[in-house]
């Protein structure tokens, strides 16, 4: 009960990131666990999409809110037309399924501009900020108030 009370105060801010290999062996069990987690209004992000076990069944069957496009695609989409179209297709498919998209590993303005054009929902990477400690994040938030 204590856990449920804490989650009820902050659930919309929590995002659980999972990788595809986490549930590749037992999809039915994963669905049950993720549905329970979502019942607490916690969002589920599928990390590193496009590498490893990638399956469209995961998008169809799992209660995913966010699809994180692996940085290997983001790095090569500028110079490789096929990769560009793969990224565009992932973003469009996710949007058709009412899933938000995050591009991982954005390091250049060109990558950012392409992702804006493709209507990627969110980006993360060194172009925006290096990883920050909790203290630095706290100071950054305080400085913006």
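Read-outs: derived from the displayed coordinates by stated rules, not from any lab. These numbers were taken from a predicted model, which means no experiment stands behind them. Ideal geometry is used to build each Cβ from the backbone, glycine not excepted, and the neighbour counts take in all protein chains shown.
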For the chain, the Rg and Dmax computed from alpha carbons only, in angstrom:
16.7, 52
Express in whole angstrom the spacing between the alpha-carbon centres of region 57-82 and region 98-112.
10
Just the number, please: percent antiparallel of the DSSP beta bridges in the chain, rounded to the nearest 5.
0
By how many nm would the segment from residue 142 to residue 129 grow when fully extended, if each residue of separation counts as 0.36 nm and the alpha-carbon distance is taken off?
3.0 nm
For residue 119 and residue 28, FRET efficiency with R0 = 35 Å and r from the beta-carbon atoms, rounded to 0.05?
0.60
Between 30, 94, 45, where does the largest GNM mean-square fluctuation fall for the chain, given springs only between Cα atoms within less than 10 Å?
30
Summing -39500 (n - 2.57) over every DSSP H run of at least 4 in the chain, dividing by its residue total and rounding to the nearest 500, the 222 nm mean residue ellipticity is -14500 deg cm²/dmol
Using 0.36 nm times the number of residues separating residue 35 and residue 82, minus their current alpha carbon distance, what extension gain do you get?
13.5 nm
Defining a contact as two alpha carbons under 8 Å apart and six or more residues distant in sequence, what relative contact order in percent does the chain show?
17
